[in-house]
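The values are calculated or read from the model by the stated rules, or taken from the named source; none is laboratory data. Being a predicted model, the structure only gives us computed values, none of them experimental. Positions of Cβ are generated from backbone atoms using ideal geometry, with glycine treated the same way; all protein chains shown enter the neighbour counts.
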Amino acid sequence: MLDTDFFLRWMAATAAAVDRESDRLTELDSAIGDADHGNNMRRGFEAVSGVLDEETPGTPGAVLTLAGRQLISTVGGASGPLYGTLLRRTGKALGDATEVTPGQLAEAFGAGVAAVAQLGGAQAGDKTMLDALLPAVDVLGSSFDQARDAALAGALETVPLQARKGRASYLGERSIGHQDPGAASSALLVGALAEAAGPSGGGNA
Ligand code: ADP
Ligand code: MG
């Protein structure tokens, strides 16, 4: 079972990962965007860590809805509302349970990812964060390690794609040959689940 502490560790591990990888995310965004994705993510998840410390939410759902709300109010770029919606919708789907199974998390995360697709109007193959998130949803219920690997593979598979949504789509064919920054950061978010589960929990969620 995944308790509130697990969800706090997930958000903390995500904050640490985007802080560590901030320069790489900004580099990816400088190739096909406006070079702010690393900063957006770092600032957003720093604010998430702050608010989670302050307000000590008592359930998994409350952790994620609070985190999502904070991202929406802190991050100006496209990624703020999209990541905010992802976490808020996932949190809402978890309801007020004090512990959830990996299967319940997978289902709720699937609802969150669907909400991102609805908000941004993107689908698989459009070279967005969805290309990392959608493959992760499929395996999240059985293994966090597999979900991390699927998200990473999905992010790498954005390299040869032409962007059809967001700022990178303005580049047309010139967006080909670069990894999508939001897919790269989504792989960090999913990878942080395995970190939160620890060495024994990742393979057999
Ligand atoms: P901005 O594009 O406003 O500068 P960021 O650089 O922080 O915002 O985030 C860019 C990322 O947001 C992209 O790499 C892509 O993954 C994601 N993104 C942009 N538009 C969409 C969309 N319509 N649907 C899904 N993801 C999107
Ligand atoms: Mg940007």
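Here are some notes:
- Unmet requirement for residue 53, which otherwise passes all of (1) in a helix (DSSP H, G or I); (2) in contact (Cβ under 8 Å) with a residue 40 or more places away in the chain: (2)
- Qualifying residues in segment 59-80 (those that are surrounded by 18 or more Cβ atoms within 10 Å (Cβ to Cβ) and within 16 Å of ligand 2 (Cβ to nearest atom)) - the one farthest from residue 120 (Cα to Cα): 74
- Close pairs (7 angstrom Cβ cut-off, 6 or more residues apart or separate chains): over 12 Å from residue 21 (Cβ atoms) and near ligand 1 (Cβ under 8 Å from one of its atoms) in segment 181-196, among the polar types (S, T, N, Q) and outside any helix (DSSP H, G or I) anywhere: 182/128; 183/128; 183/158
- Enumeration of residues in segment 130-182 that are touching a Pro at 6+ places or on another chain (Cβ under 9 Å) and surrounded by 24 or more Cβ atoms within 10 Å (Cβ to Cβ): 140, 144, 147, 151, 168
- Among the residues of segment 27-45, the ones that are acidic (Asp, Glu) and in a helix (DSSP H, G or I) come to 2 in all.
- One residue from 96, 34, 23, 29 being within 16 Å of ligand 1 (Cβ to nearest atom), in contact (Cβ under 8 Å) with a residue 12 or more places away in the chain and either farther than 27 Å from residue 123 by Cβ or of a type in the set (Lys, Arg) (or both): 23
- Test result for residue 56, surrounded by fewer than 24 Cβ atoms within 10 Å (Cβ to Cβ), of a type in the set (Ser, Thr, Tyr) and at pLDDT below 95: yes
- A count restricted to segment 83-113 and to residues that are within 16 Å of ligand 2 (Cβ to nearest atom) and either in contact with a Gly (Cβ under 6 Å, 6 or more places away or on another chain) or farther than 21 Å from residue 42 by Cβ (or both) stands at 1.
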